[in-house]
Amino acid sequence: MTLQRFSGQQLVCEHTGRELIHVDCASHVYPDGSVGIHNMCFRVLEHEIVGLVGPNGSGKSTLIEHLNGLLEPSKGSVSVMGRSIDGSIKKLIWKDVGIVFQRSDDQLFAPTVLDDVMFGPLNMGMSPDEARSAAVEALGAIGAQDLEQKLPNYLSGGQKRLVCIAGILAMRPKVIAMDEPTSDLDPLHAEAVERIIRDLKERHGISVVIATHDLDMAAKLCDRVCVVKAGSIIAEGSPQDVFYDDLLLQEAGLKKPKVAEIYEAVRVQFGARADARPITVEELAQWSGRLAKGSEK
Ligand SMILES: Nc1ncnc2c1ncn2[C@@H]1O[C@H](COP(=O)(O)OP(=O)(O)OP(=O)(O)O)[C@@H](O)[C@H]1O
Ligand SMILES: [Mg+2]
């Protein structure tokens, strides 16, 4: 994967026919005239974790809400599995694309956790028995089976987030989009959610979209990273290509992930070569070992 840079004038989105979701030059203007996204081109491919990284107000949440038709573009189009989203097929799209919202409270409303997680499957037409087993299975998959009978209102922030993920997983979608999935979580809960995101891809074959400004998490998880600025994607590439491009990060208003920052500082200090570009702590540790043996000079 090579780093691709896009200008605001780009008019045609790359389209291979293999996309699960294709956002084709979409713009969204909110009723008060604010521009949420502008000429946005974005794809979700099979079996990938794709990151949307960008500063506050860059359009990540607006884009996410277009992925299952919750918001409709004022211009351009969005298609899921080759079908353009319009009113008549919205219910089918909700089955294929689930969204875990930035604020868990926007998603939880039923009297118990089990009712909440069963709501989506019931709404999709499953029988109560089928919905119950889909919900129990989803709660089990994320290790939250002990929360079944709790009141959603009284859960901690981390527990609420897990229940929201289970509610989407119970619908067995092909794509799950998560908006800031680890914001306001403590490091252990954040790690648990990161593990779940990996599992969604590896064990359940679900493609995951993560919108975040936590570049450390994006570096750890993403196969592909899209950089969002002022409502458009200005670049996309591997985490290595994106997170070691100082000019791009500066232009986007983002800061390097910690691993890249430490690598650059140590590398300069020891006059080492610049081609290792580790992206995970493990890669950084391996590089440090080679540096200590003198093979990185
Ligand atoms: N409901 C709304 N009405 C009017 N303007 C909105 C609305 N929601 C978002 N916007 C505007 O659209 C732009 C994009 O906002 P969006 O929430 O998509 O950004 P974001 O990248 O998700 O930001 P954050 O990182 O803070 O969550 C911003 O300028 C914002 O003020
Ligand atoms: Mg947002």
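Some observations on this one:
- Within segment 109-122, tally of residues that are at pLDDT below 95 and in contact with a Lys or Arg (Cβ under 6 Å, 6 or more places away or on another chain): 0
- Subset of segment 25-68 that is more than 16 Å from ligand 2 (Cβ to nearest atom) and among the charged types (D, E, K, R) - its residue that is farthest from residue 209 (Cα to Cα): 32
- Segments classed as strands (runs of 3 or more DSSP E), wholly inside segment 1-108, with at least 1 members that are assigned by TED's automatic domain parsing to the domain that holds residue 160 and acidic (Asp, Glu): 21-29
- Looking across segment 202-228, the residues that are within 14 Å of ligand 2 (Cβ to nearest atom), under 12 Å from residue 254 (Cβ atoms) and of a type outside the set (Asp, Glu) come down to 212, 213, 228.
- Residue in segment 174-192 that is within 24 Å of residue 47 (Cα to Cα), out of contact with any helix residue (DSSP H, G or I) (no Cβ under 6 Å at 6 or more places or on another chain), among the β-branched types (Val, Ile, Thr) and touching a residue at least 24 places away in the same chain (Cβ under 8 Å) present: yes
- Subset tally (residues that are more than 10 Å from ligand 1 (Cβ to nearest atom) and either within 20 Å of residue 256 (Cα to Cα) or among the charged types (D, E, K, R) (or both)) for segment 52-76: 2
- Residue 161 touching a His at 6+ places or on another chain (Cβ under 9 Å) and at positive phi: no
- Residues located in segment 32-49, provided they are surrounded by fewer than 24 Cβ atoms within 10 Å (Cβ to Cβ) and either within 22 Å of residue 250 (Cα to Cα) or near ligand 1 (Cβ under 7 Å from one of its atoms) (or both): 32, 34, 35, 36, 38, 39, 41
- The conditions of being within 16 Å of ligand 2 (Cβ to nearest atom), touching a residue at least 60 places away in the same chain (Cβ under 8 Å) and within 25 Å of residue 132 (Cα to Cα) are met by residue 107.
- Residue 258 at pLDDT 95 or above, surrounded by fewer than 16 Cβ atoms within 10 Å (Cβ to Cβ) and basic (Lys, Arg): yes
- Filter result for residue 215 (touching a Phe, Trp or Tyr at 6+ places or on another chain (Cβ under 8 Å) and modelled with pLDDT under 95): yes
- Boolean, residue 118 is part of a helix (DSSP H, G or I), at negative phi and over 22 Å from the mean Cα position of the chain (by Cα): yes
- Residues located in segment 160-214, provided they are within 16 Å of ligand 1 (Cβ to nearest atom) and surrounded by fewer than 24 Cβ atoms within 10 Å (Cβ to Cβ): 179, 180, 182, 183, 184, 185, 212, 213, 214
The values are calculated or read from the model by the stated rules, or taken from the named source; none is laboratory data. Computed from a predicted structure; not experimentally measured. Methodologically, a virtual Cβ is constructed for each residue, glycine included, from the backbone with ideal geometry; neighbour enumeration extends over all protein chains shown.
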